[in-house]
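In what follows, a structure is listed as structure tokens, so that the remarks can point back to it.
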Amino acid sequence: MVKKTGNILVVDDNEDLLLAARLFLKQHFSVVHTEQDPENLPTLLNNENYDVILLDMNFTIDATSGVEGFMWLDKILRLDPSAVVILITAFGDVEMAVKAVKTGATDFVLKPWQNEKLLATISSALSLRYSKLEVDRLRSREKQLSQDIDQRYHDMIGVSPAIQKVFATIEKVASTDADILILGENGTGKELVARALHRQSPRAGEVFISVDMGAIAETLFESELFGHMRGAFTDAKENRPGRFELADGGTLFLDEIGNLSLAMQAKLLSVLETRKVTRLGSNKPRDIDIRLICATNMPIYDMVAKNDFRQDLLYRINTVEVNLPPLRERQEDIPLLVDRFLAIFSKKYKKDITGISASALKKLQRYHWPGNIRELIHTLERAVILSESKMLQPADFLFPEAGKDVEGVVFENYNLEEVEKTVIRKTLKKHDGNISHAAKELGLTRTSLYRRMEKYGL
């Protein structure tokens, strides 16, 4: 038995015609809706995704001008530029229908119609609709993939037991669709792990969507993640898919998930449980097929104990947990990382730097690296830019001795929260409270910095 497809809407003021159309078309298409009043079109289009719309050209008694048809055709295309509209017209309106096709209609059928002709016309239009949707999908994904190509430092390297354990976990779980939670300090490479999981999965040929949850304002959360319809709010000038829809078939990476408010957590949990999203301004849920990977640098289990993070959401996102080691616990990997990024930056800045001295390398290995690999990368880039010799020396690396900040303050311990609090306080002081400048130096978004300031009472 052939599975019926297609969501069809027929709009005509003739009740008998609508009944006949519904009885015939239901034999061939999965959903057939009929409507006598075109004034209901905006509501219908916001609540339902129609593949083909059959639209009469005249709705007022004795009207023959077709003005109403042109008006409603324009409104439909404004609401959904990819809409496929077939005009229903009388014999005398054929010239008018041809004109309408030139202005955006897909085709037209004559009243009274022949069922075989009607079926053929709708089937052809349905194929066109599916083609349009596929083109839109591919364009969205092409845009995202082009952004992904621009991502630097895709590869993970290391020989230390700590990072080899991470590699082994990736090998075990990449081929599954299990939800992954990546835990690790800032700068340890959580997104690199997420991308590695994607590249080694059956979804590797599909899109990888990365979302910084700490950078999304609560007021924009639903729009950014779930999408919106045109007119859903003041600045919603067009229909737009959210990150979940863009990731359909591929992998969705939610970074800094620990920054979500409880209200945002509840909305996210609902989508993860149903695997359906509903755009703002619509009542029509859309199925999504994604591989979910989340990450956080926050003490997520402590947050659950304090009721700052939902336990049921944690259970949903951590089928498998990957713990990333900080750079200070994988010092044997520093020479490999140094070689990799020296080569990258020497080429980028056209510097003839051949390597790093043993004493300079030893200095790098002694340093605590509170910013982990991200800090190492920035340190090497700065050294390459400023160095005037072919071999980098200890003097090329300007950072405090382990245990001290830039003003010589000694940390009493290496408790991460205390270190982070101290660094943020000193950076804010350095920039006279300028949030933008402080966030840039810390490698954070303004939103993420505000959240940490609130957390530490700064």
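Looking only at region 354-371, which residues are surrounded by fewer than 20 Cβ atoms within 10 Å (Cβ to Cβ) and either part of a helix (DSSP H, G or I) or hydrophobic (A, V, I, L, M, F, W, C) (or both)? Within region 354-371, Ala358, Ser359, Ala360, Leu361, Lys362, Lys363, Gln365, Arg366 qualify. Determine if region 329-350 includes at least one residue that is touching a Phe, Trp or Tyr at 6+ places or on another chain (Cβ under 7 Å) and either closer than 30 Å to Met391 by Cα or surrounded by 17 or more Cβ atoms within 10 Å (Cβ to Cβ) (or both). Scanning region 329-350 turns up no residue that is touching a Phe, Trp or Tyr at 6+ places or on another chain (Cβ under 7 Å) and either closer than 30 Å to Met391 by Cα or surrounded by 17 or more Cβ atoms within 10 Å (Cβ to Cβ) (or both). Surrounded by 21 or more Cβ atoms within 10 Å (Cβ to Cβ), outside any strand (DSSP E or B) and in contact (Cβ under 8 Å) with a residue 24 or more places away in the chain: does that describe Leu252? No, not satisfied. Could you check, for region 149-157, whether at least one of its residues is modelled with pLDDT under 95, in a helix (DSSP H, G or I) and outside the structural domain of Pro299 (by TED's automatic domain parsing)? Checking region 149-157: at least one residue is modelled with pLDDT under 95, in a helix (DSSP H, G or I) and outside the structural domain of Pro299 (by TED's automatic domain parsing). The conditions of being under 24 Å from Asp80 (Cα atoms) and either of a type in the set (Val, Ile, Thr) or crowded, with 18+ Cβ neighbours inside 10 Å (or both) are not met by Arg291. Given the conditions (1) within 24 Å of Lys237 (Cα to Cα); (2) loosely packed, with under 13 Cβ neighbours inside 10 Å; (3) among the hydrophobic types (A, V, I, L, M, F, W, C), and given that Ile61 satisfies all but one, which numbered condition is not satisfied? Only one criterion in (1) within 24 Å of Lys237 (Cα to Cα); (2) loosely packed, with under 13 Cβ neighbours inside 10 Å; (3) among the hydrophobic types (A, V, I, L, M, F, W, C) is unmet by Ile61, namely (1). You will find that of Ala178, Ala247, the residue that is over 17 Å from the mean Cα position of the chain (by Cα) and in contact (Cβ under 8 Å) with a residue 12 or more places away in the chain is Ala178 and no other.
The values are calculated or read from the model by the stated rules, or taken from the named source; none is laboratory data. Remember, it's a predicted structure, so these values are computed and weren't measured experimentally. All Cβ positions, even for glycine, are placed from backbone atoms using ideal geometry, and neighbour counts span all protein chains on display.
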